[in-house]
Amino acid sequence: MNVGILTGTGGHFCSGMDLKAFPTDGVPVVADRGLAGLTRAHLRKPLIAAVEGAAVAGGFELALACDLITAADSAFFALPEVARGLIAAEGGAIRLPGRLPYHVAMEMLLTAAPLPAPDAARHGLVNQLTREGEALHAALVLAERVQTHPQDAVLTTKQIVHRTRGLDDDTAYAVQDPLSAPVFTTAAATEGAHAFTQKRPPAWHR
């Protein structure tokens with residue numbers, strides 16, 4: 001199993017689409033996968049955003065499409081679309097109110113106010129806050145932690161989270177149970193239980 005890491009170059013994560021090209025070229029989406037082929041994609045494997053500098057507009061929406069976020073303490077997030085007569089339509093308006101307290105999210109969406117990474121971390125949007133220049137290293141450490149666990153358990157957990165989001169409990173269980181049942185019959189599940197009762201690391205940690 002691989003874990004993807006999305007990061008930028010030149011000291012910034014991403015500032016979104018090219019506004020100079022927008023009037024003639026529109027939003028740079030890839031078929032039904034959304035902005036940059038990511039914001040509407042259904043990715044099986046975990047994806048981590050490592051944010052330095054600005055994660056703005058579509059750039060922030062790319063980060064919101066990831067499962068985990070690391071960010072330098074000098075980084076910031078913003079959805080300034082309304083200030084340009086636009087809408088954060090590649091996941092910003094949909095995802096942000098579920099990741100931040102409602103009024104914080106709405107202030108960002110309606111006023112174009114930026115959110116410094118330390119505040120984002122305080123609200124739970126950022127998994128790990130780092131010193132400037134260390135967000136990618138923190139993402140690599142997180143990726144290694146994810147990869148120490150059995151693939152079936154990790155990938156199915158992500159699939160369940162994404163497929164049941166927003167559903168009522170009864171519907172969510174109906175979706176979850178056929179996905180989770182096979183994982184309980186894997187060799188990894190048996191080994192994990194034996195390792196716990198025998199007070200030893202599981203075989204995949206040796």
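The values are calculated or read from the model by the stated rules, or taken from the named source; none is laboratory data. Because the structure is a prediction, the values reported are computed rather than measured. Note that each Cβ is placed from the backbone with ideal geometry, even for glycine, and that neighbours are counted across all protein chains shown. The accessibility values were calculated without ligands, DNA or RNA, using every heavy atom of the protein model including side chains. Shrake-Rupley method; radii C 1.70, N 1.55, O 1.52, S 1.80 Å.
Could you tell me the center-to-center distance, by alpha carbons, between segment 34-110 and segment 167-186 in angstrom?
29 Å
Given the rule -39500 (n - 2.57) for each run of at least 4 DSSP H residues, summed and divided by the residues of the chain, what is its mean residue ellipticity at 222 nm, to the nearest 500 deg cm²/dmol? Display every interim value, and only then the final one.
Details: 9 runs with 85 residues, N = 206.
Taken over the chain, the calculation gives -12000 deg cm²/dmol.
Please report the net charge: other residues with Cβ closer than 15 Å to the Cβ of Gly98, K and R +1, D and E -1. Please report the intermediate quantities before stating the final value.
Numbers: positive: Arg95, Arg99, Arg165; negative: Glu61, Asp67.
Local charge sum for Gly98: +1.
Compute, for Glu134, the solvent-accessible surface of its heavy atoms (probe 1.4 Å) with the complete set of protein chains present, and express it in square angstrom to the nearest 10.
Answer for Glu134: close to 70 Å² accessible.
Beta carbons within 10 angstrom, averaged per residue: use that to sort the peptides 176-183, 9-16, 66-73, 40-47, highest first.
Numbers: 176-183: 12.9, 9-16: 17.6, 66-73: 23.8, 40-47: 15.2.
Ranked from most to least packed, the peptides come out as 66-73, 9-16, 40-47, 176-183.
In segment 70-135, what chymotrypsin sites (Phe, Trp or Tyr not before Pro) fall in a loop by DSSP, with at most 15 other Cβ atoms inside 10 Å? Mind showing how you got there, number by number?
Numbers: sites: Phe76, Phe77, Tyr102; in loops: none.
Answer by residue number: there is no such site.
Under a Cβ-only charge scheme (Lys and Arg +1, Asp and Glu -1), can you give me the dipole magnitude of segment 94-157 about the Cα centre, in debye to the nearest 20?
Details: 5 positive and 6 negative charges, 25 e Å.
It works out to roughly 120 debye.
Given the options Leu142, His103, Pro80, identify the residue whose Cα lies farthest towards the positive end of the charge dipole of segment 66-206 (+1 on Cβ of Lys, Arg; -1 on Cβ of Asp, Glu).
Leu142
At Phe196 and Phe184, where each label point lies 7 Å from the Cα along Cα→Cβ, what is the point-to-point distance in nanometres?
Rounded to a tenth, the inter-label distance reads 1.3 nm.
Using alpha carbons only, how many degrees (0 to 90, rounded to 10) separate the axis of helix 135-147 from the longest principal axis of the chain?
So the helix axis and the longest Cα principal axis differ by about 30 degrees.
Order the following by accessible area, largest value first: Glu132, Glu144, Glu191. Probe radius 1.4 Å; ligands, DNA and RNA are ignored. It would help to have the intermediate numbers written out before the result.
Numbers: Glu132 135, Glu144 105, Glu191 40 Å².
Result of the area sort, largest leading: Glu132, Glu144, Glu191.
At q = 0.14, 0.21 Å⁻¹, what is the base-10 log of I(q)/I(0) for segment 60-206 according to the Debye formula with one equal point scatterer per Cα and no solvent? Please give it to two decimals.
For segment 60-206 at q = 0.14, 0.21 Å⁻¹, log10 I(q)/I(0) is -0.87, -1.23.
With angles folded into 0 to 90 degrees, how steeply does helix 151-164 sit against the dominant principal axis of the chain? Use alpha carbons for both and round to 10.
Value to nearest ten degrees: 50.
Given Cβ point charges of +1 (Lys, Arg) and -1 (Asp, Glu) and nothing else, what value in debye, to the nearest 20, does the dipole of segment 108-206 about its Cα centre take? Write down the numbers at each step before the final one.
Numbers: 9 positive and 10 negative charges, 73 e Å.
Using Cβ point charges on Lys, Arg, Asp and Glu, segment 108-206 gives about 360 debye.
What is the dipole size for the chain, taken about its Cα centre, with +1 at each Lys and Arg Cβ and -1 at each Asp and Glu Cβ, in debye to the nearest 20?
Working: 17 positive and 20 negative charges, 96 e Å.
Roughly 460 debye, rounded to the nearest 20.
Determine the share of the chain's accessible area contributed by carbon and sulfur atoms, expressed in whole percent, with a 1.4 angstrom probe. Show your work: numbers first, answer last.
On the way: 6760 of 11750 Å².
In the chain, the share of accessible area belonging to carbon and sulfur is 58 percent.
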